[in-house]
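Scroll down for the structure; my scribbles are underneath it.
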Amino acid sequence: MPEFTGPEGRVLENESPIKVKEILKKWKSAKGVVAALVDDVATDLGAEIASDAEVLPIEGDSRLGLQILRHSASHLMAQAVKRLYPGTRLGIGPAIEDGFYYDMDIPEQLGEDDLDTIEKEMRRIAKENLPVTREILPKEEAEKLFAERDEIYKIELIKELEGDSVTTYRQGEFVDLCRGPHVENTSVLKHFRLLSVAGAYWRGNESNKMLTRIYGTAFASKEALEEYINRIEEAKKRDHRKLGRELDLFSLQPEAPGFPFFHSKGMVVVNKLVDFWRKEHTRRGYTEIKTPLILDRDLWIRSGHWDHYRENMYFTEIDERPFAVKPMNCPGGMLVYKSQIRSYRDLPLRMAELGTVHRHERSGVLHGLMRVRCFTQDDAHLYVRPDQIKDEILGIMDLVHYIYTDVFGFPYRVELSTRPEKAMGDPGMWEVAERDLQEALEEAGVPYRINPGDGAFYGPKIDFHLEDCIGRTWQCGTIQLDFQMPEKFDISYIGPDGAQHRPVMLHRTIYGSLERFFGILIEHYAGAFPYWLAPVQVRIIPVSEDHLEYAAEVKANLMEKEIRIDTDIRDEKLGKRIRDAQIQKIPYMVVVGDREARTQTLAVRERTKGDLGSMTLSGFLEHLETLPDPTR
RNA sequence: GCCGGCGUAGCUCAGCUGGCAGAGCAGCUGACUUGUAAUCAGCAGGUCGUCCGUUCGAAUCGGAUCGCCGGCUCCA
């Protein structure tokens, strides 16, 4: 007799085949359950089992449960779209992080306004209580089925599937090719919302037809859905493009798409980042160089950029001689290396450069400060002996961790990217390089993901990714191992044996681009920068006109200490000026009125803590000294 | 680059099917002389992204173009 084991040691014996749902019901653990794990395989509640198995419920609010809910919601949406827009052909419709989408070839053009209509239709179908049923069909039969329905994309998918049969899911008149599992009835789907429409190439290939993609999300409860919607709203408030304007940090102008303008307040932050960066690099044995923005085109032919990167480069001409605007700093750095004979005693040589590069990015990909056409990399090139590679990588990873985690408190993700298709050089060298990077990662004990084929054309890389406020991740830091460039430029060092040897080159960045890192910081702090980075650190608010003189005195004293300070001398109520300083996210407000002028004190208000009471100037300065400042 | 959406005052946004361009905030001026998240009143501010067209008449309709937004593709 088959025996089923369940959660908390539950056991059930049953003679005949039994539905998963019945088993769970007998255990009284069917509530809020959307599917089950049968011997670790996600399975429909309606599936029958007839032999020994472990059966565990998958609850709607679990990770797996949400995936199933969302996948089913994508089917529901596709069904609604097909009802509303006959002639619609289905592409694919998976669950994704935080939601789902479905790509469809819809004969009409849809806008965001149409989402309401589709959502209403979805609710209608959900109420029809349609059972969702699974069928296994031989491939030929499935092809016939989808051919009758003119589902050309599904047929393409079936042809590529392994095996002789495929599974389909049916709810009412709607049939989809799908592995499942799904909820057992459309009525289970209650808490969903459609979010946006966008175009997406069929199978992500630019040369294919562009389909309409509709994004949505679904949750197990109304509360969870609402919380998610609120989170999106909150995230929008942190958008660095919005805060950049409101806090007067930077702007983008139609005259220069993708080329940001930094306002004086934004420059304060960037300059502090640079101060900190420079100090930390000096401490860690880096020197700094600067190479030209424009260099002879031949250099780029020699470096391989002409062959591999030309479409992203800007070119110009000086006195009829062709030049290129640099998209990377390495070739210039090579010339500095070659400017003298290097000894093995010089290695490892760590040359940093705040290098401004220009890259032609396609117009559709530009995004605030995160994706621009001109940015400054906090670059460094390390020239090392082969036996020094691993230690140097570990050193860089330590620096990355210090800056990301200890100083800024960022969670980050590490990826190892391997040889791409259009790679330069010998595959054997690549293998060695990839292994070196992997060993360093293992040694550092950092969790990482492998990204096959995503390396640079000259070498594999370790990438460090940070997340923005709406969950998009951006590559910031990178470590790239390069055996090609030293070869191409024929660089060498003199070994202890008096012979010439080839150094290995490491390219690396920590911030990645100052622009992008700045953008991520704006979102990370929601514009409320810590004291050491704040564009204005202290704002003085005189109670009335009578106190302007004392305010000026206080200001002069604080300026003397290089504190970034301004005074709100507008003829407004105190409350109003406090409010404005709060909105501007200024860390400290200093209110000065009769009391303070008389006793030579300051009434200090901290942005998050509120009124700190009155203190003397030196007391305030002492307090400020205790605040973290990695540039000190 | 591709698909879709959007461009009205410095900012946020009204302006129905074509009929003299509006509000709030910000700015300026004045009154008030302010004590910890919005004092009141007045003034000023726009070639309705740009160009071409339809029309007696265009912010509104059509086309092109530029820019922005969301995706896709790309991202050394």
- State yes or no: is A:SER29 out of contact with any strand residue (DSSP E or B) (no Cβ under 7 Å at 6 or more places or on another chain), among the small types (Gly, Ala, Ser) and modelled with pLDDT under 85? no
- Note on the structure: Heads up, the strands (runs of 3 or more DSSP E) in the range A:305-408 (entirely inside) with at least 3 residues that are surrounded by 15 or more Cβ atoms within 10 Å (Cβ to Cβ) and over 21 Å from the mean Cα position of the chain (by Cα) are A:321-325, A:349-358, A:374-384
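Go through the range A:16-55 and count every residue that is outside any loop (DSSP other than H, G, I, E, B) and under 12 Å from A:GLY6 (Cα atoms).
11
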- Item | First in the range A:340-362 and not assigned by TED's automatic domain parsing to the domain that holds A:GLN388, second anywhere and open to solvent by less than 40 Å² (accessible area, probe 1.4 Å) and within 16 Å of RNA strand B (Cβ to nearest atom), Cβ under 9 Å, 6 or more apart | none
- Query: in contact with an Asp or Glu (Cβ under 7 Å, 6 or more places away or on another chain), at pLDDT 90 or above and among the basic types (Lys, Arg) - does that describe any residue in the range A:88-109?
  - Reply: yes
- Message: Just to check your reading of the model, which residue among A:GLU173, A:GLU184, A:GLU143, A:GLU151 is farther than 27 Å from A:ASP116 by Cα and not hydrophobic (A, V, I, L, M, F, W, C)?
- Response: A:GLU143
- Condition test on A:PRO542, is it at pLDDT 95 or above, more than 15 Å from RNA strand B (Cβ to nearest atom) and more than 16 Å from the chain's Cα centre (by Cα)? no
- Task: Check the range A:251-274 and report whether any residue there is without any contact (Cβ under 8 Å) to a residue 40 or more places away in the chain, within 14 Å of RNA strand B (Cβ to nearest atom) and within 22 Å of the chain's Cα centre (by Cα).
- Result: yes
- Message: Exactly one of these conditions fails for A:THR608: (1) open to solvent by 70 Å² or more (accessible area, probe 1.4 Å); (2) near RNA strand B (Cβ under 7 Å from one of its atoms); (3) under 37 Å from the mean Cα position of the chain (by Cα). Give me its number.
- Response: (2)
- Message: Within the range A:588-602, does at least one residue satisfy the condition of being touching a residue at least 40 places away in the same chain (Cβ under 8 Å), surrounded by 13 or more Cβ atoms within 10 Å (Cβ to Cβ) and more than 9 Å from RNA strand B (Cβ to nearest atom)?
- Response: yes
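Conditions (1) surrounded by 14 or more Cβ atoms within 10 Å (Cβ to Cβ); (2) in a helix (DSSP H, G or I); (3) in contact with an Asp or Glu (Cβ under 9 Å, 6 or more places away or on another chain), marked per residue:
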residue: A:GLY199; (1), (2), (3): no, no, no
residue: A:ARG203; (1), (2), (3): yes, yes, yes
residue: A:LEU211; (1), (2), (3): yes, no, yes
residue: A:ALA256; (1), (2), (3): no, no, no
residue: A:GLY266; (1), (2), (3): yes, yes, yes
residue: A:VAL269; (1), (2), (3): yes, yes, no
residue: A:LEU273; (1), (2), (3): yes, yes, yes
residue: A:GLY285; (1), (2), (3): no, no, no
- Query: Can you name the condition, by its number, that A:TYR412 falls short on among (1) open to solvent by less than 50 Å² (accessible area, probe 1.4 Å); (2) among the aromatic types (Phe, Trp, Tyr); (3) more than 16 Å from RNA strand B (Cβ to nearest atom)?
  - Reply: (1)
- Query: Only one of (1) more than 10 Å from RNA strand B (Cβ to nearest atom); (2) in contact with a Phe, Trp or Tyr (Cβ under 8 Å, 6 or more places away or on another chain) is not met by A:GLU562, so which one is it?
  - Reply: (2)
- Residue under evaluation A:GLN67, criteria (1) farther than 20 Å from A:ARG179 by Cβ; (2) open to solvent by 50 Å² or more (accessible area, probe 1.4 Å); (3) assigned to a helix (DSSP H, G or I), criterion not met: (1)
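The values are calculated or read from the model by the stated rules, or taken from the named source; none is laboratory data. These numbers come from a predicted model, not from an experiment. A quick note on method: Cβ atoms are made from the backbone with ideal geometry, for glycine too, and the neighbour counts reach across all protein chains shown. Side chains are part of the model used for accessible areas, which takes the heavy atoms of the whole protein and leaves out ligands, DNA and RNA. Shrake-Rupley method; radii C 1.70, N 1.55, O 1.52, S 1.80 Å.
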